[in-house]
1. With an 8 Å cut-off on Cα pairs and a minimum separation of 6 or more residues, tell me the relative contact order of the chain in percent.
2. Test of the criteria: in the range 45-121, which chymotrypsin sites (Phe, Trp or Tyr not before Pro) are in a DSSP loop and have at most 12 other Cβ atoms within 10 angstrom of their Cβ?
3. Would you look at the GNM of the chain, springs on alpha carbons closer than 10 Å, and say which of L73, L43, L124 moves the most?
4. Taking all pairs of different Cα atoms in the chain, averaging 1/r and flipping that mean, what Kirkwood radius in angstroms comes out?
5. For n ≥ 4 DSSP H runs only, could you compute -39500 (n - 2.57) per run for the chain, divide by its residues and tell me the 222 nm figure to the nearest 500?
6. Taking the range 1-95, which GluC sites (Glu not before Pro) meet the DSSP loop condition and have no more than 12 other C-beta atoms within 10 Å?
Amino acid sequence: MYYIDTNILIYVNDIESPYHQSASEIFYNLLEQNMVCLHEIVLAEFFAIITDSRKMQAPWSTSQAKNYLKDLLGTVPELHFLDMEIVSRSCIDIEKYDIKRYNIYDYLIAYSMKFYGVEKIVTLNKNDFERYDFIKEIISPVKEMVQR
């Protein structure tokens, strides 16, 4: 299974994005293989961003976002939620990773991955997840630059 980060869902749905094609190829390939796992935080972040005119050139209406999420939930094989055990356990390592401000959301996603035994994530923001040694694979739609 692969966790899908919020930015991937945004780029899959933003046809103007330079990442649209590569994010779509990765996402739909994994979806076809029943390898997609979503977290409730990702769904909430997606809704907040896709309906926000400050973040999207063509924001969706509430109805569009609701319908998309409803359809998406009908095709995704796994959806994970925070619960008391995950939140309690995540408090153990929160200082180890020096979590502050909005990093809490990525940390809770990463810790949920650890809790549910998912070791792979698809994200544009590799730096947000590289610090977690329990994540074994990070796939990004951005091709790595070759340094010469």
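Computed from the coordinates by the stated procedures, all read-outs in this text should not be read as laboratory data. Model, not experiment: these values are computed from the prediction. Here the Cβ positions follow ideal geometry from the backbone for every residue, glycine too, while neighbour counts run over all protein chains shown.
1. 28
2. Answer in residue order: F81, Y102.
3. L73
4. After inverting the mean inverse Cα-Cα distance, the result is 16.0 Å.
5. One gets -14000 deg cm²/dmol as the mean residue ellipticity at 222 nm.
6. The qualifying sites are E16, E95.
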